[in-house]
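The block underneath contains the structure these notes are about, expressed in structure tokens.
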Amino acid sequence: MTPDELRAEVAKIGWWHSIDLGHGIVTPGRTNLPDKIDYIGLPHDLTGRSVLDVGAWDGFFSFEAERRGAQRVMAVDSFCWNGPGWGTKAGFDLARRSLGSTVEDRELEVVDLSPDTVGVFDVVLFLGVLYHLPDPFRALQSIASVTGSHLILETHVDLRFCPYPAIRFYPSGQLSGDPTNFWGPNPAAIEAMLRWVGFRRVERVARRKVRRPKLVGGRRFRPKHWIRWLRRFEPTMMVFHAWR
Ligand SMILES: C[S@@+](CC[C@H](N)C(=O)[O-])C[C@H]1O[C@@H](n2cnc3c(N)ncnc32)[C@H](O)[C@@H]1O
């Protein structure tokens, strides 16, 4: 495919991820991936490791894992690839072809992941998916069953002021008008659920970075203590790492 043909193919697709396909062609995605790749804490060196990317969509994180040396990468999706989701599999297929990638793909529901259906992977990426699933506990059980060592989980959290494990339910699109946003667990609930499904060690790695407005003169705005305290009432995205 010539660069012009590739550009024309890229333009036909609604992209979620910005993926650099070479020849100066970057797919016009809607997520800020340079920020996200840092904040999820993806290991820089994945040499020889196997990686499963669950809810891969256009596959940015799968291709990045391959680029970082992973020996085997599998991308899994269903909702966007072959369901009622917000996109299609066309972006993943085009990116894989033009990158000359060997990332494998499987169309599967999260709850159908098991050692029998996909095998067990050293590293599992489960980014931005959990809160879209009607049964998050069952989903985490499936995820645990295919994680050999290290899980990187990014999810929506709520009720951060609550010291005990608690989960908020959003009926009928209450969160951002999206009816597939079902759950807002608090960090304590995520940690408890991860331990319950078999992870021995769980760490909170990051909360979505908020860009602070700058004052004149370049000094950063530092919110007062009570504003920082009030932020516990805001829902946000968080990253957890867990080890089997
Ligand atoms: C917000 S997107 C996140 C995409 C990507 N992981 C990222 O972080 O940029 C949610 C993804 O989860 C997938 N998904 C939603 N429900 C799913 C299900 N039941 N089984 C498998 N994938 C699902 C969607 O198709 C979509 O690709």
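The values are calculated or read from the model by the stated rules, or taken from the named source; none is laboratory data. Keep in mind it's a predicted model, so treat the numbers as computed, not measured. When we count neighbours, we look across all protein chains shown, and the Cβ atoms used for this are built from the backbone with ideal geometry, even at glycine. Protein only, heavy atoms only, side chains kept; ligands, DNA and RNA dropped before computing areas. Shrake-Rupley method; radii C 1.70, N 1.55, O 1.52, S 1.80 Å.
Could you say whether any residue in the range 134-144 is outside any strand (DSSP E or B), within 11 Å of the ligand (Cβ to nearest atom), within 22 Å of residue 88 (Cβ to Cβ) and open to solvent by 10 Å² or more (accessible area, probe 1.4 Å)? No, the range 134-144 contains no residue that is outside any strand (DSSP E or B), within 11 Å of the ligand (Cβ to nearest atom), within 22 Å of residue 88 (Cβ to Cβ) and open to solvent by 10 Å² or more (accessible area, probe 1.4 Å). Could you please let me know if residue 126 is at pLDDT 95 or above, near the ligand (Cβ under 9 Å from one of its atoms) and under 20 Å from residue 240 (Cα atoms)? Criteria met by residue 126.
If only residues of the range 166-181 that are within 14 Å of the ligand (Cβ to nearest atom), over 16 Å from the mean Cα position of the chain (by Cα) and of a type outside the set (D, E, K, R) are counted, the one that is farthest from residue 141 (Cα to Cα) is 176. Take the conditions within 16 Å of the ligand (Cβ to nearest atom), touching a strand residue (DSSP E or B) at 6+ places or on another chain (Cβ under 6 Å) and β-branched (Val, Ile, Thr) and apply them to residue 111. Does it pass? No.
Taken together, the criteria place residue 154 among residues that are surrounded by 15 or more Cβ atoms within 10 Å (Cβ to Cβ), touching a residue at least 60 places away in the same chain (Cβ under 8 Å) and either within 18 Å of the chain's Cα centre (by Cα) or more than 15 Å from the ligand (Cβ to nearest atom) (or both). Scanning the range 167-193 for residues that are open to solvent by 20 Å² or more (accessible area, probe 1.4 Å) and part of a loop (DSSP other than H, G, I, E, B) gives 171, 172, 174, 175, 176, 177, 178, 179, 180, 182.
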